[in-house]
1. Provide a single number: the residues in segment 97-113 that are part of a loop (DSSP other than H, G, I, E, B) and surrounded by fewer than 19 Cβ atoms within 10 Å (Cβ to Cβ).
2. Go over the candidates Asp16, Asp21, Asp40, Asp29 one by one and state the one that is among the acidic types (Asp, Glu), in contact with a Gly (Cβ under 9 Å, 6 or more places away or on another chain) and surrounded by fewer than 20 Cβ atoms within 10 Å (Cβ to Cβ).
3. Which count do you get for residues in segment 76-116 that are more than 16 Å from the chain's Cα centre (by Cα) and of a type in the set (Ser, Thr, Tyr)?
4. Report, by residue number, each residue of segment 120-168 that is of a type in the set (Asp, Glu), surrounded by fewer than 21 Cβ atoms within 10 Å (Cβ to Cβ) and at pLDDT 95 or above.
5. Go through (1) over 23 Å from Arg188 (Cα atoms); (2) out of contact with any helix residue (DSSP H, G or I) (no Cβ under 7 Å at 6 or more places or on another chain); (3) buried (at least 20 other Cβ atoms within 10 Å of the Cβ); (4) not small (Gly, Ala, Ser) one by one and return the number of the condition Thr3 breaks.
6. Please state which one of Leu84, Leu94 is touching a residue at least 40 places away in the same chain (Cβ under 8 Å) and either outside any loop (DSSP other than H, G, I, E, B) or charged (D, E, K, R) (or both).
7. What number of residues within segment 60-81 satisfy the criterion of being of a type in the set (S, T, N, Q) and either closer than 18 Å to Ser41 by Cβ or in a strand (DSSP E or B) (or both)?
Amino acid sequence: MFTGIIRTIGKVAHIDMRGRDMHLRVTADGLPWSGYSAGDSIAVNGVCLTAVAFQENGFEADISAETLAVTTLGSFQAGLRVNLEPALAVGERLGGHLVSGHVDGIATVQSRQTDGRSERFEFKVASDLSRYLARKGSVSVDGASLTINEVSGDTFAVTIIPHTLTETIFDDYCIGSAVNIEVDMMARYLERLLGADEAGGISPEFLKAHGYG
């Protein structure tokens, strides 16, 4: 489990394709890698990976063909900057929102505009994901926990403050950039509950009767 608060920016140091799978080595100076061990989870651009080895300046991970097919990791190249977040430890502050590291889909940057000292990004998602997005709701973009400012059809907008722009890879994005998206897991649970009407679960009528509509 992750928080969506990016801990440091890493760099893809080496890629080794092994059949249909990928062996990835990432370097980063912003975390005490000696405190981690093989088997620990690290989110790379929002994708939960199991580290198989550590060095003083980074780690290695194996990525399956399935993960390569449904995330942006399949387009990684040496030298690419990536967002990194180790898994949440018990007792740590939950500064963003609960993020599983299981990517729901890929979105593309539709526009980028300066908004005061911040930057406003608009992303387009697949129509089957747009229903999980809501104004003032949460979304993870390349592993970063963000608040949605606006939703229109299959697009949503977020505002990135200067600190976040500096501490993540958002400043690398341009129109057409592909990013990993994970929707708020609470939206998925609510959809599941609403779909359980016939089994006696929560229905829209139930929510209205209890002050939620």
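The values are calculated or read from the model by the stated rules, or taken from the named source; none is laboratory data. If you're wondering where the values come from, they're calculated on a predicted model, not measured in any experiment. Cβ: placed from backbone, ideal geometry, glycine included. Neighbour counts: every protein chain shown.
1. So the answer is 3.
2. Matching residue, one of Asp16, Asp21, Asp40, Asp29: Asp29.
3. As a first pass, look at segment 76-116 and keep what is more than 16 Å from the chain's Cα centre (by Cα): 77-80, 89-93, 110-116.
With of a type in the set (Ser, Thr, Tyr) added as a condition, the list becomes 111, 114.
Residues meeting the conditions: 2.
4. Glu122, Glu150, Asp154, Glu167
5. Of the numbered conditions (1) over 23 Å from Arg188 (Cα atoms); (2) out of contact with any helix residue (DSSP H, G or I) (no Cβ under 7 Å at 6 or more places or on another chain); (3) buried (at least 20 other Cβ atoms within 10 Å of the Cβ); (4) not small (Gly, Ala, Ser), the odd one out for Thr3 is (1).
6. Values: Leu94 fails: either outside any loop (DSSP other than H, G, I, E, B) or charged (D, E, K, R) (or both).
Within the list Leu84, Leu94, the selection yields Leu84.
7. Result for segment 60-81: 3.
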